[in-house]
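Data first, discussion second: the structure below is written as structure tokens.
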Amino acid sequence: MGAGWGVVVVAAGRGTRMGTKESKQYLRLADKPILVHTLELFQSLGEVEEAALVVGSADVERCRQWVREYKLTKVTAVVEGGKERQHSVHRGLAALTTEWAMVHDGVRPLVTAEAVRACCAAAEKNGAAVLAVPVKDTIKQVNEAGIIVSTPDRRSLWAIQTPQAFRRVLLLKALARAESEGFVGTDDAMAVERMGVQVAVAEGDYTNIKITTPEDLPWAEFLLSRRRSEGKRDDV
Ligand SMILES: Nc1ccn([C@@H]2O[C@H](COP(=O)(O)OP(=O)(O)OP(=O)(O)O)[C@@H](O)[C@H]2O)c(=O)n1
Ligand SMILES: C[C@](O)(CO)[C@H](O)COP(=O)(O)O
């Protein structure tokens, strides 16, 4: 991974599946908000020059305050998100100036420097790359009546994570086209894939969880305390 990277950290979701009054990115994980853990990892990477933080309109001011309080000097913009994740990504990307850009979920606080670097190195080689892990379960496609219709070969199935890394102009072009055509994807690579551009997969690790539902919180607490006891990630 060379220099010249920017990162969009998206944190403008409502966290409906978590079901808490406070949106999940603002809940505390050990001693800090989940979102701060995430931002601190990118702050600690020498290759990252700037970060755009995307949050809900009501949260812009408190996030600007955290940027100052936690000395997140690489956060150059705190911008309002959009209706869907993809719209939030687009707004954040427009605030960056770097040649290369990653997109990362604010609610994946346990991503490691090693995984980020693997993803970015794959993007520098291929133009676009995502972090992912091979699925461990057998996956079935099931119809609306609850009946199995197929069992895809597990060897070709990967669970997709973030960061997702791209030459910044490529992702900007892909998002602009997706929006003009009314397409909304659940990750960033989808917009690029539909332009016929190849996206590489870099193998990550299973601890880069997305905090989505209540049972993810104690798991994240455990993973963080294990890392700290091993002397890793004292930035978090
Ligand atoms: N309009 C949106 C929707 C999501 N996100 C962000 O995208 C990441 C991944 O989304 P997800 O886990 O689905 O978060 P939520 O949309 O908040 O959760 P839910 O779907 O349960 O409401 C989160 O960091 C979330 O804040 C965003 O920036 N803007
Ligand atoms: C981008 C992503 O993290 C890949 O797993 C994910 O798709 C975003 O959130 P959601 O759970 O699909 O809404």
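Under 7 Å by Cβ, and 6 or more places apart or on different chains, what pairs join a residue from the stretch 190-201 that is more than 11 Å from ARG177 (Cβ to Cβ) with one that is of a type in the set (Asp, Glu) and surrounded by fewer than 17 Cβ atoms within 10 Å (Cβ to Cβ)? Listed pairs, sorted by first residue: VAL199/GLU193.
For the stretch 153-179, filtered to residues that are more than 14 Å from ligand 2 (Cβ to nearest atom) and farther than 17 Å from VAL103 by Cα, the residue that is farthest from the chain's Cα centre (by Cα) is ASP153. Run LEU29 past the list (1) within 17 Å of the chain's Cα centre (by Cα); (2) on the phi < 0 side of the Ramachandran plot and report the number of the one that doesn't hold. Status for LEU29: all satisfied but (1).
Counting only residues that are charged (D, E, K, R), within 13 Å of ligand 1 (Cβ to nearest atom) and under 17 Å from GLN86 (Cα atoms), which one in the stretch 175-218 is surrounded by the fewest Cβ atoms within 10 Å (Cβ to Cβ)?
The selected residue is LYS210.
Of the listed requirements (1) aliphatic (A, V, I, L, M); (2) over 19 Å from THR112 (Cβ atoms); (3) open to solvent by 40 Å² or more (accessible area, probe 1.4 Å), VAL78 misses just one: (3).
Given the criteria within 16 Å of ligand 1 (Cβ to nearest atom) and either of a type outside the set (Ser, Thr, Tyr) or over 19 Å from the mean Cα position of the chain (by Cα) (or both), does GLY106 qualify? Criteria met by GLY106.
The set of residues in the stretch 50-89 that are in contact (Cβ under 8 Å) with a residue 12 or more places away in the chain and of a type in the set (Asp, Glu) comprises GLU50, ASP59, GLU80, GLU84.
Only a single criterion out of (1) buried (at least 17 other Cβ atoms within 10 Å of the Cβ); (2) farther than 15 Å from VAL201 by Cα is not satisfied by ALA145, namely (1).
If you go through the stretch 31-47 and keep only what is farther than 15 Å from PRO163 by Cα, of a type outside the set (Lys, Arg) and open to solvent by 20 Å² or more (accessible area, probe 1.4 Å), you end up with ASP31, SER44, GLY46.
Within the stretch 19-30, restricting attention to residues that are of a type outside the set (Ser, Thr, Tyr) and open to solvent by 10 Å² or more (accessible area, probe 1.4 Å), the residue that is farthest from THR76 (Cα to Cα) is GLY19.
Residues in the stretch 99-116 that are open to solvent by 10 Å² or more (accessible area, probe 1.4 Å), away from ligand 2 (no atom under 14 Å from the Cβ) and touching a Leu at 6+ places or on another chain (Cβ under 8 Å): THR112, ALA113.
Taking the criterion of being surrounded by fewer than 21 Cβ atoms within 10 Å (Cβ to Cβ) and part of a helix (DSSP H, G or I), would at least one residue in the stretch 48-57 satisfy it? The answer is yes, given that some residue of the stretch 48-57 is surrounded by fewer than 21 Cβ atoms within 10 Å (Cβ to Cβ) and part of a helix (DSSP H, G or I).
Applying the criterion of being of a type in the set (Ser, Thr, Tyr) and more than 14 Å from the chain's Cα centre (by Cα) to the residues of the stretch 180-214, the residue that is farthest from LYS136 (Cα to Cα) is SER180.
The values are calculated or read from the model by the stated rules, or taken from the named source; none is laboratory data. None of the values given here were measured: they were computed from a predicted structure. Ideal geometry is used to build each Cβ from the backbone, glycine not excepted, and the neighbour counts take in all protein chains shown. The area values use the complete protein model at the heavy-atom level, side chains included, leaving out ligands, DNA and RNA. Shrake-Rupley method; radii C 1.70, N 1.55, O 1.52, S 1.80 Å.
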